[in-house]
Amino acid sequence: MSDARTIAVIGATGAQGGGLVRAILADPSSGFRARAITRKASGEKAEALRKLGAEVVEADLDDEASLAKAFAGAYGAYCVTNYWEHFTPAKELSQARNLAQAAKAAKLEHVIWSTLEDTRKRVPLSDPRMPTLMEKYKVPHFDAKGEADAVFAEAGVPTTYLLTAFYWDNFIYFGMGPKKGADGKYTITLPMGNARLSGIAAEDIGKCAYGIFKQGRQWIGKRVGIAGDHVTGAQMAADMGKALGIEVGYNLVTPEAFRGFGFPGADDLGNMFQYYTEFEQEFVGARSLDTSRSLNPSLLDFKSWLAKYKDRIPLA
Ligand SMILES: NC(=O)c1ccc[n+]([C@@H]2O[C@H](COP(=O)([O-])OP(=O)(O)OC[C@H]3O[C@@H](n4cnc5c(N)ncnc54)[C@H](OP(=O)(O)O)[C@@H]3O)[C@@H](O)[C@H]2O)c1
């Protein structure tokens with residue numbers, strides 16, 4: 001029987017957790033094993049992970065007992081919640097509580113909590129520069145994750161707080177790719193002014209998390225921000241144009257205009273981009289490229305991400 005240490009991975013069928021499972025399985029001599037957690041063990045994505053060599057276990061973030069069972073016997077866990085499935089910060093918080101309690105019950109030795117800044121620490125609800133959303137939040141999908149940091153600390157779970165960054169994959173899957181205007185020219189639309197956006201290839205988040213597990217105890221109790229590059233909207237448009245062989249402009253809109261786009265979550269994202277812009281130094285400063293690369297030596301910068309994924313960027 002192998003004495004490999006098991007990492008239980010929440011979100012294994014998704015972007016972050018999937019990257020971690022694949023990183024563990026790609027390195028069989030690492031001393032780690034991957035336990036992929038999903039609500040649907042018979043699903044196609046779970047089956048693909050099983051074929052790669054992962055153990056697949058069912059659990060639901062809304063069911064603490066199922067999580068405790070799925071964590072049993074593991075060394076560590078990667079914990080992520082998916083705000084965009086329900087758009088409810090209170091649910092994200094309660095799922096984080098379930099994760100922390102389950103991790104405590106299973107006596108895990110190392111947990112990574114995938115988090116983001118609680119923007120209310122810099123933009124209190126009384127600050128009128130951006131609207132307060134759902135009565136208690138400025139950037140709901142950030143604030144609930146940031147608020148949940150305390151849940152892990154209070155439960156006494158040995159946790160690393162992993163501050164993630166904007167996925168460049170949003171240009172592929174989130175409708176943010178170049179759009180053709182009435183003048184026939186392509187643009188990407190971002191309310192980022194001249195500020196740099198900390199971005200990352202989604203797959204690299206899991207690879208960085210794997211680096212944290214490998215480096216081990218030194219990361220417990222620490223906050224670590226990761227990014228593959230810090231690039232302005234204008235530079236991203238220029239780089240994308242070069243990679244795609246077309247001209248891509250930067251359609252600079254205001255956060256207010258972005259909030260008004262009307263798709264679900266547009267107000268949340270408009271506030272997020274305003275926060276990125278107005279707190280550029282703090283946001284970028286919290287995500288060291290050197291640290292990210294030390295955790296994940298194959299980390300992609302924006303140009304190398306484009307070289308690898310340009311064919312998947314839809315042109316609308
Ligand atoms: N897009 C960005 O730029 C960006 C940047 C930073 C952070 N984030 C954050 O990333 C998070 C999402 O992570 P992702 O992109 O890796 O997700 P994803 O690719 O959309 O996949 C969602 C994953 O969450 C799992 N999941 C959702 N609800 C669950 C539940 N009730 N019980 C068990 N598993 C559940 C799903 O598992 P099954 O369906 O298999 O059960 C799936 O593996 C969001 O909270 C978002 O705020 C996004």
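All other residues whose Cβ lies under 12 angstrom from that of Y83 are scored, Lys and Arg at +1 and Asp and Glu at -1, for a net of -2.
Computed on the range 60-171, the Cα convex hull volume stands at 114 Å³ per residue. Since only A227, G211, A237 are under comparison, the one whose Cα sits farthest along the positive direction of the charge dipole of the range 211-263, derived from C-beta charges on Lys, Arg, Asp and Glu, is G211. Within the listed set L295, L197, L252, the Gaussian network model of the chain (springs between alpha-carbon atoms below 10 Å) gives the highest mean-square fluctuation for L252. In a simple Cβ point-charge model (Lys, Arg +1; Asp, Glu -1; nothing else charged), the range 274-315 has a dipole of about 340 debye relative to its Cα centre. Solvent-accessible surface of the chain, averaged per residue with a 1.4 angstrom probe and all protein chains in place: 43 square angstrom. Span-like helix check, the chain: no full DSSP H segment qualifies, none having both a Cα axial length of 27 Å or more and a mean Kyte-Doolittle of 0.5 or more. Along its three principal directions, the equivalent ellipsoid of the range 12-100 from the Cα gyration tensor extends over semi-axes of 23, 14, 12 Å, largest first.
Packing, as the average of other Cβ atoms within 10 Å across residues, places the peptides 200-212, 52-64, 99-111 in the order 200-212, 99-111, 52-64, highest first. If R0 is taken as 35 Å, the Cβ-Cβ distance between R223 and K51 corresponds to a FRET efficiency of 0.50. Dividing the alpha-carbon radius of gyration of the range 188-316 by the rule-of-thumb value 2.2 N^0.38 Å gives 1.15.
Using unit Cβ charges (K, R positive; D, E negative) and no other charged atoms, how large, in debye to the nearest 20, is the dipole of the range 173-241 about its Cα centre? List each step's numbers first, then the result.
Numbers: 9 positive and 5 negative charges, 62 e Å.
Roughly 300 debye, rounded to the nearest 20.
Listed by chain and number, the aspartates and glutamates whose C-alpha is less than 12 Å from the C-alpha of K185, apart from same-chain residues fewer than 8 away, are E247. Distance distribution note for the range 146-214: the fraction of Cα pairs above 16 angstrom is 66%. For the listed residue pairs K145/K308; K104/K207; K107/K145; K121/K145; K51/K303; K69/K107, the alpha carbons are over 20 angstrom apart in K145/K308; K104/K207; K107/K145; K51/K303.
These residues, H230, H141, go from largest to smallest accessible area, 1.4 Å probe, as H230, H141.
Think of the chain as a dipole: +1 on every Lys or Arg Cβ, -1 on every Asp or Glu Cβ, centred on the Cα centre; then among G177, Y161, L300, L300 lies furthest on the positive end.
To put it simply, the accessible area of the chain at a 1.4 Å probe is 51 percent carbon and sulfur. Here the range 46-121 is assigned +1 on the Cβ of each Lys and Arg and -1 on the Cβ of each Asp and Glu. Its dipole about the Cα centre then comes out at about 220 debye. Rounded to a whole number of µm²/s, how large is the Stokes-Einstein D of the chain at 10 °C and 1.306 mPa s, given Rh as the Kirkwood radius over C-alpha pairs? Calculated translational D: 79 µm²/s. Bridgeable aspartates and glutamates around K242 (alpha carbons under 16 Å apart, same-chain partners fewer than 8 residues away excluded): D301, D311.
The values are calculated or read from the model by the stated rules, or taken from the named source; none is laboratory data. All values reported here derive from a predicted model rather than from experimental measurement. Counting neighbours? That spans all protein chains shown, and the Cβs are built from the backbone with ideal geometry, glycine included. Each accessible area value is taken on the protein alone, full model and side chains, heavy atoms only, with ligands, DNA and RNA left out. Shrake-Rupley method; radii C 1.70, N 1.55, O 1.52, S 1.80 Å.
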